[in-house]
Every structure is written in structure tokens, then in C-alpha cells.
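J.: Have a look at this one before I ask anything.
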Amino acid sequence: MGPTATGKSALALELAEHFNGEIVSVDSAQVYRGMNIGAAKPDEVTRARVPHHLLDLIAPTESYSAARFVRDALAAVRDIRQREKLPLLAGGTMLYFKALLEGLSDLPEANEGVRAELDAWAAREGWPALHAELNRVDPVTAARLKATDAQRIQRALEVWRLTGKPLSQLQGQRQQEDALGETLCLALLPNDRKALHDAIAQRFDRMLQEGLIDEVRALRARYSLTPSMPSMRCVGYRQVWTYLDGRCDEETLCATGIAATRQLAKRQITWLRSMPNLLTADPFAQDVSEWAQALVTEALQRRYEHETQS
């Protein structure tokens with residue numbers, strides 16, 4: 001686990017090659033077909049080196065949920081283990097990790113009809129109006145959301161309309177899926193914010209140089225996309241959409257993309273610090289490859305000794 005731009009993918013690749021493993025992506029953007037550059041999806045050469053799972057599952061016009069991720073990830077882990085390989089889960093979508101490790105809240109699946117109604121309401125009156133409605137029916141959830149947080153406001157109101165119960169109440173009722181089994185949770189957690197911010201800026205600049213703008217332009221030409229869809233709300237894609245609409249220049253696109261990525265990293269770090277039983281390393285201050293290999297070796301040795309004793 002870890003915030004964006006800390007080298008999670010590279011470390012997972014090293015571990016997979018060293019321990020005869022396969023990688024399961026824990027990334028809410030990499031599930032979308034055609035979203036390669038902005039999602040930092042591994043290229044074909046990398047996938048030829050090590051098999052990757054949960055990439056390119058759906059079109060960017062579709063939605064993907066934490067519930068579906070848990071089902072897909074557990075199926076991939078079982079498949080990898082049946083072939084006597086080591087499953088490595090790597091990514092930065094902390095909600096997915098939490099759902100996999102702790103279980104899922106008992107929430108309804110997305111309803112396109114309800115979402116369309118809420119989007120139409122927002123188009124007429126703006127998301128602050130929907131936030132005010134959320135504050136009326138679920139003040140606990142409303143208090144932790146900004147009035148412009150369209151995706152989360154929409155989901156909370158959708159849950160209210162489908163169940164008649166506030167999201168804050170239902171989130172405490174978790175359903176435990178099939179056990180993931182014994183896990184070793186490693187996190188890349190930088191102490192130096194400047195080093196992280198520099199890495200984020202370099203990464204976003206590189207995405208632009210590699211053709212992120214053309215990628216989003218091609219997606220808009222191929223699919224019937226709107227900026228409210230989850231795929232186009234992803235960091236980077238949202239900012240390029242604004243640029244392609246002519247509402248900012250390329251310099252502003254770069255600045256807002258970097259700022260949004262910093263905010264994402266901040267949220268990821270907050271999630272990580274709330275999660276128990278993590279073993280952490282600073283990716284900018286130490287050899288994380290050596291550190292991780294030693295911990296995985298130790299964990300595998302413990303499992304081998306346990307299996308031979310039993």
C-alpha cells in the first residue's frame with residue numbers, strides 16, 4: 001500500500017519476480033479500459049514479465065464498486081494460490097484494501113436511475129443544494145463531506161433513496177466475505193512531504209508528455225462520457241476534461257493536476273495511518289526492496305514451519 005508516486009508498482013514487480021508471484025491491482029482507475037497513462041497502468045512488457053489481475057475490466061462508461069472489487073480480488077487470489085504462486089496486492093485505493101481486510105458495509109448496489117435523477121438535480125441547482133439535502137437526511141455524513149464532493153454526496157443520497165436509511169448508519173454494519181487468509185501488510189509511507197510532492201510533480205509532467213491529453217480526447221471520441229462519471233472523476237482525467245472543454249490552459253491543467261494529486265496522496269496517507277498492523281518504510285529514505293524482501297521471506301518461513309508442524 002501507499003500514496004501515489006511512491007513506487008508501489010515497481011516494488012510489487014520486484015517482489016513478484018523474486019517470490020514467483022502475481023500481482024492483483026488495487027486501483028479504482030486501472031479497472032477501466034483505455035485509461036492507461038493517467039491510471040499509471042503497467043504496459044504490455046511489464047505484464048509479460050509478471051501476470052497482473054483486475055486490469056481493463058470495464059468500459060469507462062460503467063461503474064465499479066468496492067463490493068465487486070472484493071469478489072474479483074478474492075477470486076484472483078484463490079486462482080493464484082491454486083497455481084502455487086504468491087498473490088501480491090498492490091495499489092493506492094485504500095477503500096478497496098479496507099473492504100478486503102475488514103469486510104464490506106451492507107450497502108445497496110449502484111442504481112443508474114437514481115444516479116441520473118441526482119445528476120439532473122445537480123445540473124439544475126448545483127451540488128451544494130444536494131449537500132443541503134444530505135444534511136437534512138444524514139447530517140453525520142454531510143458533516144464530513146465538502147459541498148462540492150459530487151461523487152460522495154451522490155452515493156450518500158442514493159443509499160438514502162434506496163434504503164430509507166442514512167449511509168452513516170449502514171456503514172457500521174459490515175458483512176465479512178470469504179477470508180483472505182494470512183496477510184502481510186506493507187506500506188510505503190514517506191516522511192518527507194517535499195520528496196513526495198517532487199515525485200508527484202515529476203509523475204504528472206511525465207503523464208502529460210506521454211500523451212494524457214490525447215488519451216482523454218480519444219476516450220471522449222470513443223465513448224459517451226460525461227464529467228460526472230466515476231472514470232472521469234479520477235485525478236488527472238478530471239483536470240484534462242476541463243482543459244479539453246476550453247476552461248483552462250495547459251499551464252493551469254498541469255498546476256491543478258499536481259495539486260489534485262497531492263490532495264489524493266494526503267487522503268491516502270490519512271487512510272494508512274488509521275489502518276492497524278501495517279509495517280511501514282519511507283520509500284525516499286531507505287532500500288525498500290531489501291526491506292520488503294526480508295519481511296516476505298520471514299513470513300513465508302513462518303508459514304512453512306507452521307505447515308510442517310501441523
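Any read-out appearing in this document is the output of simple, stated calculations on the displayed coordinates, not a laboratory observation. Just so it is clear, the structure is predicted and the values come from calculations on it, not from any experiment. Ideal geometry is used to build each Cβ from the backbone, glycine not excepted, and the neighbour counts take in all protein chains shown.
J.: Please go through the stretch 1-84 and write out the GluC sites (Glu not before Pro) that DSSP classes as loop and that have at most 12 other C-beta atoms within 10 Å. Mind dumping the intermediate values first?
T.: Numbers: sites: 14, 17, 22, 44, 62, 84; in loops: 62, 84.
Of the GluC sites (Glu not before Pro), the ones in loops of the stretch 1-84 whose Cβ has at most 12 other Cβ atoms within 10 Å are 84.
J.: Return P(r) of the stretch 112-172 (all Cα-Cα pairs; 5 Å bins starting at 0; whole %; ordered from short to long distances).
T.: Calculated over all Cα pairs of the stretch 112-172, the distribution is 4, 21, 35, 25, 13, 2, 0 percent.
J.: Towards the positive end of the charge dipole of the chain, with charges on Cβ (+1 Lys, Arg; -1 Asp, Glu), say which of 252, 212, 156 has the farthest Cα.
T.: Selected residue: 156.
J.: Under 5 Å between amide H atoms, partner at least 5 residues away or on a different chain: which partners does residue 138 have, H built in plane at 1.01 Å?
T.: Those lying under 5 Å, H to H, from residue 138: there are none.
J.: Work out, step by step, the length gained on full extension between residue 289 and residue 116: first 0.36 nm times the residue separation, then minus their alpha carbon distance; give nm to one decimal.
T.: On the way: separation 173, 0.36 × 173 = 62.28 nm, distance 4.62 nm.
The residue 289-residue 116 span can extend by a further 57.7 nm.
J.: Still on this structure, I have one more. With labels modelled as points extended 7 Å from the Cα through the Cβ direction, what inter-label distance (nm, one decimal) is found for residue 277 paired with residue 242?
T.: 4.0 nm
J.: For the chain, what is the relative contact order in percent, using Cα pairs closer than 8 Å and at least 6 residues apart in sequence?
T.: 24 percent
J.: Something else now. How much mean residue ellipticity at 222 nm does the chain get from its helices, if each DSSP H run of length 4 or more adds -39500 (n - 2.57) and you divide by all residues, to the nearest 500 deg cm²/dmol?
T.: Working: 14 runs with 175 residues, N = 310.
That comes out to -17500 deg cm²/dmol.
J.: To continue, here is another question. Quick one: dipole size for the chain, taken about the Cα centre, charges +1 on Lys/Arg Cβ and -1 on Asp/Glu Cβ, in debye to the nearest 20.
T.: In total the dipole reaches around 720 debye.
J.: Taking the stretch 48-128, which trypsin sites (Lys or Arg not before Pro) meet the DSSP loop condition and have no more than 11 other C-beta atoms within 10 Å? Present the calculation step by step, with values, prior to reporting the outcome.
T.: On the way: sites: 49, 68, 71, 78, 81, 83, 85, 98, 115, 124; in loops: 83, 85.
Loop-located and lightly packed - 83.
J.: Same structure, new question: Mind listing the long-range amide H neighbours of residue 89? Cut-off is under 5 Å, sequence gap 5 or more, other chains count too, H placed in the peptide plane at 1.01 Å from N.
T.: 24
J.: Then there's this: With θ set to phi - 60° and the Karplus curve 6.51 cos²θ - 1.76 cosθ + 1.60, what are the ³J(HN,Hα) couplings of the stretch 78-93 in order, to the nearest whole Hz, using x for Gly and Pro?
T.: With coefficients 6.51, -1.76 and 1.60, one gets 4, 5, 5, 5, 5, 8, 6, 10, 9, x, 10, 9, 9, x, x, 8 Hz.
J.: Another question, then. Counting pairwise Cα distances across the stretch 1-130, what percent come out greater than 23 angstrom?
T.: Roughly 40 percent, rounded to a whole number.
J.: A follow-up question, please. What span do the alpha-carbon atoms of the chain cover on each of the three principal axes, reported in whole Å from largest to smallest?
T.: 65, 45, 36
J.: Between residue 192 and residue 124, take the C-beta separation as r, use R0 = 45 Å, and let me know the FRET efficiency to the nearest 0.05.
T.: Plugging the Cβ-Cβ distance into 1/(1 + (r/R0)^6) gives 0.45.
J.: I've got another one for you. Check which residues have an amide H placed less than 5 Å from residue 280's amide H, if you skip close sequence neighbours.
T.: The answer is 187.
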